[in-house]
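One structure is given here, and the rest of the page talks about it.
Every number here is computed from the coordinates shown, using simple stated rules; none is lab data. Computed from a prediction, not measured in an experiment: that's the story for all the values here. Here Cβ is always computed from backbone atoms with ideal geometry, including for glycine, and neighbour counts include all displayed protein chains.
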Ligand SMILES: Nc1ncnc2c1ncn2[C@@H]1O[C@H](COP(=O)(O)OP(=O)(O)OP(=O)(O)O)[C@@H](O)[C@H]1O
Ligand SMILES: Nc1ncnc2c1ncn2[C@@H]1O[C@H](COP(=O)(O)OP(=O)(O)OP(=O)(O)O)[C@@H](O)[C@H]1O
Ligand code: SF4
Ligand code: SF4
Ligand SMILES: [Mg+2]
Ligand SMILES: [Mg+2]
């Protein structure tokens, strides 16, 4: 049994006089202890709403309807009353957001905000709580932590605020951490620091991490398992390497073909997906991606495609997936790979005579393939 | 490359914004040196990419180049004409030849104007087109060029998706038949799949119309993709400039190295094997840049001599221009990186002087 098992999660927003919006339309995924799971997809595909629903942070009002299950360690988070949910939140499950300023209280010093968490969930008080708070700030790389504890959020830079928020999130050694675009608002050098920090935390504490992002590069460096979302559903789930090497769902293929890569040359045309996320078919009428899909066939429309599970633990929601052996992982990837890549073979970049395509790639020792 | 191939030449450009304090009388208490001595040249028909982190002065440089923000010092020569001293009337006629595309198409388009009136406005201002039909023809051709359907003309900006709005923004720049387009974060507000459409469109337009671009972006992969020459900015100045390929295969400045190594690549094999140069701390405030080499507070190669007290000039090393005293020694491996202690950096305008902090503060709580 996985640590978190989200099953057929649906979130509908209805407002009087308007058609209800199915922001999340049957999302299922699971997270094992110590695992880093990515939720990727473009703007509006339901990533944030999914995480807010799991955390019980969506407003409790008549227009918001949440269905499905989110079972964390045997308890369905969606069925909990407010009190037990608050207990779990912060202690067992924590969340960090894109904009740290809005989730920190502007008029309370950082130190007090951290010690409050420690008091509430770990029963620490006074000097001991202060010590622990300083240790946590130090742990997340905030210089001169004792002093920082007395400061207010607006006195810290964006990167430092995000660190403070991470310190609060990990204060109680949660078993699950959900991070919603934690680095999107930050510069890339600061993003690199924060991602490294998250990696370390996961490695050291065994915390499971759900990483929500639209950046495939972040996914490639961090996630063990990746869920690709489109129009409120998971359309493909795979381990990291298979997903990037052999994407099966045409949307995943399209995404990978769209991103410019630092290690590709000038003048290579990208392969964008035509149309925009506005051109969707409602799931009950067929594949939501059909209006933009180059592999569309007649069977795609009429009813929603079923989830196909393959023997190697992958799954995709498509009736005409990208073929496996002569993979089509987007022209940019093909161009950097001199030969066709077979599963389990030496990756193209690792061929000894190949000059490293990105500075600093050369000498790092080769790691054994992870299953 | 001969000199008459150069469409734009920027010499020692400076833009300093005064920092004012005071309730009744504004008192200048200092300057934000947003752009502080930049030299660059953009060859005709090529793309110059400008990268750097938030607040390093990219947008200010772009705006000063077009004279949308008056430069504090320096020169901008466009096709042989010095713009900073040009009388307003002549500048206005030059404007037609230099256009700008913005990051957020929604905020740069008037929501009450339909697409036709957005596009006609510029034509009328600059007196382009002999009559209505002629303008219609120009607009029609522009729509085709940016891949928008004719029925778009009667629609309003909010009726379009982000990518289409950016196409409208490009069309608005393009109807005037400019030679130079300054694109400030043209794709950063767009989804990945849409980004690629707009990047390809910019590429195609350059091929068919011979446009010259200055592309400003914080996304290195995007800049790398569309630029011939890339300039890296740090705190108001160029630290390195090189042809795109070279910058990526042989970064010479320590900051460029760190930047390159920080950009995630969507390929697990690459991600797992690359060496990251993690920088300590944040970007210092441009209102109070460090003396000497501006990067020395974060530089893993900083040396006890020169770095802290002598500002390195941009000098040529091979095909690159680099502003680092020790570039050769770093490239040869003679100097090795070392650990750097992170310094606390204050968000701009806040927390530095107790007088401007609005939320409650305790005296003496900051350094
Ligand atoms: N409170 C709300 N009321 C109505 N619709 C909502 C509400 N919150 C979200 N939505 C809609 O739900 C959909 C999914 O939104 P969500 O914020 O989860 O997207 P996302 O994948 O996180 O996108 P982004 O990458 O932009 O953060 C969107 O179409 C959005 O308009
Ligand atoms: N009109 C202005 N008045 C005062 N300061 C300004 C003004 N415009 C910009 N600045 C300051 O100049 C510096 C450079 O700003 P600029 O917008 O050029 O940066 P940028 O590199 O474009 O950053 P970003 O990536 O965030 O767009 C910043 O510190 C900014 O606060
Ligand atoms: S089901 Fe059909 S339309 Fe949908 S992604 Fe697969 S091939 Fe394309
Ligand atoms: S001059 Fe010194 S501090 Fe500046 S980049 Fe070079 S080595 Fe680093
Ligand atoms: Mg979101
Ligand atoms: Mg800018």
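Summary of values
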| read-out | value |
| --- | --- |
| Between helix A:158-170 and chain A: long-axis angle, C-alpha atoms, 0 to 90°, nearest 10 | 80 degrees |
| Cα gyration tensor category, rounded, prolate or oblate, for segment B:42-187 with a/c compared to 1.5 | oblate |
| Radius ratio Rg over Rh of segment B:88-133, counting only Cα atoms, Kirkwood formula for Rh | 1.01 |
| With 10 Å bins from 0: P(r) over segment A:184-320, alpha-carbon pairs, percent | 10, 36, 34, 17, 3 |
| Over chain B, equivalent-ellipsoid semi-axes from the Cα gyration tensor in Å | 37, 25, 21 |
| Relative contact order of segment B:31-104, pairs being alpha-carbon contacts under 8 Å that are 6 or more residues apart, as % | 21 percent |
| Reciprocal mean inverse distance between Cα atoms of segment B:226-324 - Kirkwood radius, Å | 14.4 Å |
| Fraction of the pair-distance distribution of segment A:143-191 above 11 Å, Cα-Cα pairs, percent | 73 percent |
| Alpha carbon Rg of segment A:143-236, scaled by the compact-globule rule 2.2 N^0.38 Å | 1.18 |
| Segment B:49-130, Rg to Rh (Cα coordinates; Rh as Kirkwood inverse mean 1/r) | 1.01 |
| Percent of Cα pairs exceeding the 11 Å cut-off, where the set is segment B:237-277 | 66 percent |
| Residues A:215, B:207 arranged by fewest to most Cβ contacts within 10 Å | B:207, A:215 |
| Cα convex hull of segment A:93-171, projected area averaged across orientations, nm² | 4.6 nm² |
| Alpha-carbon centroid distance for the pair segment A:20-52 / segment B:152-182, whole angstrom | 33 Å |
| Shielding score for B:244-251, defined as the mean number of other chain Cβ atoms within 10 Å | 3 |
| Least to most buried among A:214, B:225 (fewest other Cβ within 10 Å first) | A:214, B:225 |
| Pair-distance profile P(r), taking every C-alpha pair of chain A, with 10 angstrom steps and integer % | 5, 22, 30, 25, 14, 4, 0 |
| Top of A:107, A:54, A:93 by mean-square fluctuation, Gaussian network on chain A, Cα under 10 Å | A:107 |
| Stokes-Einstein D (µm²/s) once Rh is taken as the Kirkwood radius of the protein assembly as shown over alpha-carbon pairs, at 25 °C in 0.890 mPa s | 89 µm²/s |
| Per-residue average of Cβ from other chains inside 10 Å of B:49-57 | 2 |
| Helix B:162-174 vs. chain B, principal-axis angle (Cα, 0 to 90°, nearest 10) | 70 degrees |
| Average partner coverage of A:187-199, which counts Cβ from other chains inside 10 Å | 6 |
| Largest-first principal axis extents, alpha carbons of segment A:79-135, Å | 37, 27, 18 |
| Principal axes of segment A:1-124: Cα extent on each, largest first, Å | 47, 38, 30 |
| Taking chain B and dividing mean pair separation by its residue count, relative contact order in percent (alpha carbons under 8 Å, at least six apart) | 17 percent |
| On Cα atoms only, tilt of A:110-122 relative to the major axis of chain A in degrees | 90 degrees |
| Percentage relative contact order, segment A:124-195, counting C-alpha pairs under 8 Å, at least six apart | 28 percent |
